[in-house]
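S.K.: Below is a structure I'd like to ask you about.
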């Protein structure tokens, strides 16, 4: 038995990731529309897609499509597999490939991507019209607030009004709106009116 260790042997770790696509297979206006993404853990990412409990997968466009058509209406495929010896290099290479495929399939205009790839929501460029719609939506959602100290209930005309009056963030109120639940903040029980 040879117990000598070859000191010239080195081990290198290889990191692997994929650029993948989910393609809408339902006949209709969005047939063939794609969502293109990247992951270094394909198993977990596919599990998230296939779970009916996953409400927020990767952005409003793809989330809406999953809800409208159902998760089984999409075909999964790996577009590219990338291997690197450094995890940061892998991330950069995956983002480059993702951008290439988003352009190739035009999946921003005729698909479910919201940016050119690699940036997530940070890369989104909102038009003035979309920004106005988002802003206006905060003005139109009435909020009901019960003050547990005074036992008074007040209806605010909008999330914005409730936010200013109660000194609570719009994102907190938006969370209440999205989850359709009542939450307690300080002495207030807040829900959508």
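The values are calculated or read from the model by the stated rules, or taken from the named source; none is laboratory data. Please read all numbers here as calculations on a predicted model, not as lab measurements. Every residue, glycine among them, receives a Cβ derived from its backbone with ideal geometry; neighbour counts consider all protein chains shown.
S.K.: Considering every residue within segment 27-35, establish whether at least one is within 30 Å of residue 179 (Cβ to Cβ), crowded, with 20+ Cβ neighbours inside 10 Å and at pLDDT below 90.
M.R.: No, segment 27-35 contains no residue that is within 30 Å of residue 179 (Cβ to Cβ), crowded, with 20+ Cβ neighbours inside 10 Å and at pLDDT below 90.
S.K.: OK, next. Among (1) part of a helix (DSSP H, G or I); (2) modelled with pLDDT under 90; (3) assigned by TED's automatic domain parsing to the domain that holds residue 58, which single condition is residue 102 missing?
M.R.: Here residue 102 meets the rest and fails (2).
S.K.: Report yes if residue 24 is under 26 Å from residue 179 (Cα atoms) and crowded, with 20+ Cβ neighbours inside 10 Å, otherwise no.
M.R.: no
S.K.: I'd like to check something: does segment 92-99 contain any residue that is under 30 Å from residue 193 (Cα atoms), in a helix (DSSP H, G or I) and at pLDDT 90 or above? Step through it out loud before you land on a result.
M.R.: Keep residues of segment 92-99 that are under 30 Å from residue 193 (Cα atoms), which gives none.
Looking through segment 92-99, none of the residues is under 30 Å from residue 193 (Cα atoms), in a helix (DSSP H, G or I) and at pLDDT 90 or above.
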